[in-house]
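The values are calculated or read from the model by the stated rules, or taken from the named source; none is laboratory data. Since we're looking at a predicted model, the values are computed, not measured. Note that we place each Cβ from the backbone using ideal geometry, even for glycine, and neighbour counts take in every protein chain shown.
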Amino acid sequence: MIVIVDSGATKADWIALDGKGDRLFLTQTLGLSPEVLTREVIEDRLANNFELAQNKEKVSQLFFYGAGCGTDRMKKFLKKIFKGFFPNAQIDVKEDTYAAIYSTTKIGQQGIVCILGTGSNCSYYDGHQLIQKVVSLGYIPMDDGSGNFFGRKLIRDYYYHKIPQDLAVKFSQGYNLEADVIKENLYKQPNPNTYLATFARFLVENKEHPYCKGVIDKGFQQFINNQVMQFELATKVPIHFVGSIAYFLREELTAVLERNDLIPGVIRQRPIDGLVEFHKDTI
């Protein structure tokens with residue numbers, strides 16, 4: 001049994017294939033980012049999934065693509081956990097950028113591949129290997145244009161009284177904005193980046209409001225300035241995206257790309273389907 005996983009900070013999609021490439025099951029867990037989760041939390045999320053627990057000894061290969069897996073230390077950390085849970089499996093752990101690449105481009109094709117979901121990332125793919133210009137320092141100092149970036153912006157503007165009154169009332173009616181609740185989730189609960197990203201839904205739902213339009217536009221422009229434009233070929237190759245923020249704000253994102261003389265490429269909400277097709281070719 002071959003298992004392919006695409007894990008963001010919020011959730012992880014799991015697909016199991018047999019030796020012929022036919023799907024055996026599809027399941028989902030909460031995200032398994034090693035940068036923000038302990039061993040115990042990750043093990044608990046694996047053990048509490050019925051399909052994974054029932055089939056863990058049948059897995060012969062595990063291909064895991066995950067947020068927070070950009071360093072050797074994080075890869076080794078996850079591999080050790082997975083090896084304990086899937087005792088008969090060969091484990092391959094890569095950062096989630098590779099999932100984005102394999103689901104939007106083909107081997108031999110050049111392109112810039114970006115992630116705009118709970119977090120954000122950007123890489124150049126020369127057709128064979130991944131090239132990155134920016135080392136991510138995580139969701140606090142970076143993640144421009146992401147869900148947690150926009151969520152943080154909304155909360156800050158609400159507390160600094162910079163959101164127009166009509167929108168502020170609507171925002172307070174849709175979310176618990178009590179200071180104690182926010183601080184509890186940011187400083188005492190796991191996955192503060194995921195918590196921040198939940199507020200981005202408000203931005204998507206109200207994207208026609210002038211305030212929201214401005215926040216979205218500035219956030220995407222900041223991502224392009226700090227990430228995409230690091231590459232000299234930025235205006236000459238397609239710019240691909242995966243992630244819910246890119247997908248649900250694809251019209252706004254495309255407009256910002258075109259304004260910067262960039263070529264919009266594939267925009268997917270989830271890379272898992274493209275990953276399956278990629279791995280089927282290698283079975």
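Among the residues of the stretch 92-119, which ones are touching a strand residue (DSSP E or B) at 6+ places or on another chain (Cβ under 7 Å) and surrounded by fewer than 19 Cβ atoms within 10 Å (Cβ to Cβ)?
Residues satisfying the conditions are Asp92, Lys94, Gln110.
Being among the aromatic types (Phe, Trp, Tyr), farther than 30 Å from Glu232 by Cα and in contact with a strand residue (DSSP E or B) (Cβ under 7 Å, 6 or more places away or on another chain) is true for just one of Phe82, Phe50. Which residue is that?
The match here is Phe82.
Between Asp13, Asp6, which is at pLDDT below 95, closer than 23 Å to Arg270 by Cα, buried (at least 22 other Cβ atoms within 10 Å of the Cβ) and within 15 Å of the chain's Cα centre (by Cα)?
Asp6 is the lone residue from the list that is at pLDDT below 95, closer than 23 Å to Arg270 by Cα, buried (at least 22 other Cβ atoms within 10 Å of the Cβ) and within 15 Å of the chain's Cα centre (by Cα).
Touching a Gly at 6+ places or on another chain (Cβ under 9 Å), assigned to a loop (DSSP other than H, G, I, E, B) and either surrounded by 20 or more Cβ atoms within 10 Å (Cβ to Cβ) or charged (D, E, K, R) (or both): does that describe Glu35?
yes
Filter the stretch 254-276 for residues that are part of a helix (DSSP H, G or I), over 11 Å from Thr104 (Cα atoms) and either free of Cβ contacts under 8 Å to residues at least 60 places away in the same chain or in contact with a helix residue (DSSP H, G or I) (Cβ under 6 Å, 6 or more places away or on another chain) (or both) and give the result.
Thr254, Ala255, Val256, Leu257, Glu258, Arg259
Which residue pairs have Cβ atoms under 9 Å apart, sit 6 or more places apart or on different chains, and have a first residue in the stretch 38-52 that is without any contact (Cβ under 8 Å) to a residue 60 or more places away in the chain and surrounded by 15 or more Cβ atoms within 10 Å (Cβ to Cβ) and a second that is among the aromatic types (Phe, Trp, Tyr) and outside any helix (DSSP H, G or I)?
So the pair list comes out as Leu46/Phe86; Asn49/Trp14; Glu51/Trp14; Glu51/Phe25; Leu52/Trp14; Leu52/Phe86.
Inside the stretch 147-170, can you point out the residues that are surrounded by 12 or more Cβ atoms within 10 Å (Cβ to Cβ) and under 14 Å from Leu196 (Cα atoms)?
Gly147, Asn148, Phe149, Phe150, Gly151, Arg152, Lys153, Leu154, Ile155, Asp157, Tyr158
Lys11 is checked against (1) touching a helix residue (DSSP H, G or I) at 6+ places or on another chain (Cβ under 8 Å); (2) within 21 Å of Ala99 (Cα to Cα) and fails just one. What number does that condition carry?
(1)
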